[in-house]
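What follows is a set of notes on a single structure, which appears directly below.
The values are calculated or read from the model by the stated rules, or taken from the named source; none is laboratory data. Everything numeric in this text was worked out from a predicted model, so none of it was measured. Note: ideal-geometry Cβ built from the backbone for every residue, glycine included; neighbour counts use all protein chains shown.
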Amino acid sequence: MENTNSLLDACSDYNMEELEKLTFTKIVRGSGENEEFIGLGIMDDNGYLLEYEELKKIYSGLNYFIRKINPELIEKMNQQKLIEDRKQKEKDEIIEIVSKNIVDKEDWEEEEEEYESFFKRLFKRKNRR
């Protein structure tokens, strides 16, 4: 088997776009009640299982992560992500409210102009008589 460091280096060469295209799949033998779990596989964006050499790279990266990271750090990272998601949601809500108010104000101004022009026309007719 290849040196773990070279596998980790190869795994670290994946960019986020490549990794986001990968999906896990459950590999089973048989079907129904005779189904036997074989393991997890990783598929590319076309639905094909990764080649063995590619799988080794990904699994070495996952294994390294599991050995080096403690559960508390994962929890802390997830809490930080949750805080960031909440902040982004608040920003999105504020942007939506502000943009709605801008649209409402523009609609209101257009309606006001329509009423104004209606009354101007009405008064012009009265003044002509």
Note: among E75, E35, just one is at pLDDT 90 or above and either touching a Phe, Trp or Tyr at 6+ places or on another chain (Cβ under 7 Å) or assigned by TED's automatic domain parsing to the domain that holds M16 (or both), namely E35
Among D9, D45, the single one that is assigned to a loop (DSSP other than H, G, I, E, B) and of a type in the set (D, E) is D45
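Considering only region 49-69, I want to know if a residue exists there that is in contact with a Lys or Arg (Cβ under 7 Å, 6 or more places away or on another chain), in a helix (DSSP H, G or I) and touching a residue at least 24 places away in the same chain (Cβ under 8 Å). Before you say what the answer is, go through the steps one by one.
Kept after step one, since they are in contact with a Lys or Arg (Cβ under 7 Å, 6 or more places away or on another chain), are these residues of region 49-69: none.
No: region 49-69 contains no residue that is in contact with a Lys or Arg (Cβ under 7 Å, 6 or more places away or on another chain), in a helix (DSSP H, G or I) and touching a residue at least 24 places away in the same chain (Cβ under 8 Å).
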Just one listed residue, out of Y52, Y64, is at pLDDT below 95, assigned by TED's automatic domain parsing to the domain that holds E20 and over 18 Å from N15 (Cα atoms), and it is Y52
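For G47, indicate whether it is surrounded by 12 or more Cβ atoms within 10 Å (Cβ to Cβ) and within 23 Å of the chain's Cα centre (by Cα).
Details: surrounded by 12 or more Cβ atoms within 10 Å (Cβ to Cβ): no; within 23 Å of the chain's Cα centre (by Cα): yes.
No.
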